[in-house]
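Notes for the one structure printed next.
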Amino acid sequence: MIYDYAIVGGGIVGLSTSIALQEKYPEKKIILVEKESHCASHQTGHNSGVIHSGIYYKPGSYKAILTRKGNAEMVKFCQHHNINHDVCGKLIVACQEKELPLLENLYQRGLANGIAVEKVSLAQAKEIEPYLTCLSAIRVPTAGIVDYKQVAQKYAEIFREKGGEIKFNTKVVEIKSSEKEQILITNQGEINTKFLINCAGLYSDRIAKLGGINPEMKIIPFRGEYYELKPEKRYLVKHLIYPVPNPDFPFLGVHFTRLIDGNIHAGPNAVLSLKREGYKKTDFDLKEFWEIATYQGLWKLVSKYYAEGIEEIVRSISKKAFVRSLQALIPEVQEDDIIASPAGVRAQALRNDGKLVEDFFLLPTKNALHVCNAPSPAATASLEIGKAICNEIGKGS
């Protein structure tokens, strides 16, 4: 059999792309291949479940446009399919004088992105989060929470019900390209397809290279380590509390997130992982580590952000340092109030010159499209990313 479309990667972006293609081309034969035994095994299944608003991203970028639209579509999807979610809103706060201009800039960016962001007084912020301390705050009412594993499972269910095929435990090890088709050589045999869509997340750059494409970037894995509040301390946080981020640093800072199951996550930090799927501090793969450590782009990034990087490493090593970051937001949090929680790994694309790929990055070719950068907020934007991929494919047909 020759498939019309083959999607590599069973995370939330690969699954959303599969249902978007199915809706646009109901007569086409579509297969999704996933190297694990189930969907949402990596980035999708290890995030904190925030339905992002799109406030942080450069106006006009993929992230800004697709996240704002994706936020509304995600809520509609959850409502339609009875998936537990909560549009609880979040506070972004400035705790130091030097952060006040950054908070104002973020407020203006939110307005530029068409988001209903609002300034709140300290008294109003304390009404929302009684244990919070800050100098100033803005509220983003459209932010929410959901379990993205449940969303991904529903995507997969919809795809299969409408005739789509998913092959698990199927790892792509080689790709043979010709004018008319792509042949995926996997550990389960060959798959022939007219068009390949690479949604391989942490391995998207490798799949692109197997397909004969040089994406001129490399996926660098950053582990985000979390703690969680003990059940008897969950009263300290009601919704979502974020510090105002450093606009030059790609991560949002240590924050508090209420999960849909009632748990309260604290974190994450961001440290270099020693393997692409390195969820534990002890996880190590010599080949992958060497590939990361010898990448010139990484060292250029390190030279620019070494101070921030050291802070992140200290928080990884020292629970006390992690707690100090949390106390900047909620002073009542003590070291005994938190316990370690499972980590996630962010697949961040980095260019050879040391510049981070800030936006979602789609790399189209004649008979393939490679999604080479889709970290957070890709889960929020997943339905819209799927549509954007379909539109991009349509341009070449």
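Using only the alpha-carbon atoms, how far is helix 296-317 inclined from the longest principal axis of the chain? Give it as 0 to 90 degrees, nearest 10. Value to nearest ten degrees: 50.
Shown is the FRET efficiency for Ile317 and Lys180, computed with R0 = 51 Å from the Cβ-Cβ distance and rounded to the nearest 0.05: 0.40. Using only side-chain charges placed at the Cβ, +1 for Lys and Arg and -1 for Asp and Glu, the dipole size of the chain relative to its Cα centre rounds to 440 debye.
Cross-link partners of Lys281 among lysines, defined as those whose alpha carbon lies under 20 angstrom from its own and excluding same-chain residues fewer than eight positions apart: Lys319, Lys320. Roughly how many percent of the accessible protein surface of the chain is carbon and sulfur, given a 1.4 Å probe and a whole-percent answer? Roughly 52 percent, rounded to a whole number.
The spread of Cα positions in the range 25-65, taken along each principal axis and listed from longest to shortest, comes to 36, 30, 14 Å. Do any of Lys171/Lys275; Lys69/Lys154; Lys167/Lys194; Lys29/Lys167; Lys149/Lys355; Lys63/Lys171 go past 22 Å between their Cα atoms, and which? Violating the 22 Å Cα-Cα cut-off are Lys149/Lys355; Lys63/Lys171. Entry note, the chain: the mean residue ellipticity at 222 nm calculated from DSSP H runs of n ≥ 4, each adding -39500 (n - 2.57), is -10000 deg cm²/dmol after division by the residues and rounding to the nearest 500.
Say R0 is 51 Å: what FRET efficiency, to the nearest 0.05, do Lys24 and Gln124 get from their beta-carbon distance? Computed FRET efficiency for Lys24 and Gln124 comes out at 0.70. Using a probe of 1.4 angstrom and keeping all protein chains present, the accessible surface of the chain works out to 44 square angstrom per residue. Counting only residues at least eight positions apart within a chain, or on another chain, the aspartates and glutamates with an alpha carbon under 14 Å from that of Lys162 are Glu23, Glu27. Taken over the range 1-74, the percentage of Cα pairs per 5 Å bin, counting from 0 up to the bin with the maximum distance, is 3, 14, 18, 19, 19, 16, 8, 2, 0.
By definition, a body whose alpha carbon gyration tensor gives a ≥ b ≥ c is oblate when a/c is 1.5 or more and a/b is not larger than b/c, and the range 169-218 fits this oblate description.
By a 1.4 Å probe calculation restricted to protein chains, Asp4 has an accessible surface near 20 Å², given to the nearest 10. Between the C-alpha center of the range 314-391 and that of the range 149-166 there is a gap of 24 Å. Is the shape of the range 62-126 rounded, prolate or oblate, going by the alpha carbon gyration tensor and its root eigenvalues a ≥ b ≥ c, with a/c under 1.5 for rounded and a/b larger than b/c for prolate? The shape class here is oblate.
The values are calculated or read from the model by the stated rules, or taken from the named source; none is laboratory data. Keep in mind that what you see is a predicted model, and the values were worked out from it rather than measured. Glycine also receives a Cβ, built like all others from the backbone with ideal geometry; neighbour counts cover every protein chain displayed. Please note that ligands, DNA and RNA were not included when accessible areas were found on the heavy atoms of the full protein model with its side chains. Shrake-Rupley method; radii C 1.70, N 1.55, O 1.52, S 1.80 Å.
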